[in-house]
Amino acid sequence: MTDVISGKEGALLRIRELLNRSTDRALVGIVGKPGAGKSTLSAYLMEELKSSEVTVVPMDGYHLSNAVLQELGRADRKGAPDTFDVAGFASLLQRIRVEKSVDIYYPVFDRAIEESIAAQGVVTQETKVVIVEGNYLLHDTGGWEAIADLLDEIWFIDVDDEKRLERLIARHIAYGKSPEAAESWSRGSDEVNARTIDAGRSRAHAVITLD
């Protein structure tokens, strides 16, 4: 049976429990549809914990570059499962699990330029809990099936779809899309991806309810 985590306060309590355990480093995945609030939840947890023992590693750093997407003919559906370097992402998670005596750097996606910046983030030696944030942590094809086994827990964010779409459209507008283009992309390409993400919900260890 899938557990239920009640709100962001429940998520905070669970991370604190993991921090207080005397076991090895824990990797916790947070999955959700586009606009579900993955980054907002991660930012809340980091702000509340204020601990150097917790790090957020977003999957988005492994977006293929815009140039590569153009070459592959996939630029019009950027954000789909096959527009990421999943093998590179899996290798990073494997390193995080195993290499605990070194600092591990990873790329971070910059929405302002719609590209990833290499070695922008770091998992330090003192990190005890790694929050891994991304859409396809529960996807089961195309190489993504290797990801779930590299995580100790995976939480699926449950949120009202209309509220989620409103936030998503607003985010696209904030980063430069026209209102018409933002709505078209959110209800088009993003919703195709949302259905793919939702298919993995039953494989999550817990569902977290957010407003």
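The values are calculated or read from the model by the stated rules, or taken from the named source; none is laboratory data. Just so you know, these numbers come straight off a predicted model, no measurement behind them. Because the Cβ atoms are built from the backbone with ideal geometry, glycine has one as well, and the counts that use them run over all protein chains shown.
Here are a few things to note about the model shown:
- So TYR175, is it in contact (Cβ under 8 Å) with a residue 60 or more places away in the chain, touching a helix residue (DSSP H, G or I) at 6+ places or on another chain (Cβ under 7 Å) and over 25 Å from GLU53 (Cβ atoms): no
- Residue count for segment 89-146, restricted to those that are of a type in the set (A, V, I, L, M), surrounded by 12 or more Cβ atoms within 10 Å (Cβ to Cβ) and more than 27 Å from HIS205 (Cα to Cα): 1.
- Test: ASP149 is in contact (Cβ under 8 Å) with a residue 12 or more places away in the chain, acidic (Asp, Glu), within 24 Å of ILE5 (Cβ to Cβ) and loosely packed, with under 13 Cβ neighbours inside 10 Å: no
- Listed by first and then second residue, the pairs linking a residue in segment 199-211 that is farther than 15 Å from VAL159 by Cβ to a residue that is outside any strand (DSSP E or B) and modelled with pLDDT under 95, with Cβ atoms under 8 Å apart and 6 or more places separating them unless they lie on different chains, are SER202/THR2; HIS205/THR2.
- Check on ARG77, basic (Lys, Arg), at pLDDT below 95 and either exposed (fewer than 14 other Cβ atoms within 10 Å of the Cβ) or more than 20 Å from GLU17 (Cβ to Cβ) (or both): yes
- Some residue of segment 40-55 being aliphatic (A, V, I, L, M), closer than 27 Å to LEU168 by Cα, loosely packed, with under 15 Cβ neighbours inside 10 Å and in contact with a strand residue (DSSP E or B) (Cβ under 6 Å, 6 or more places away or on another chain): no
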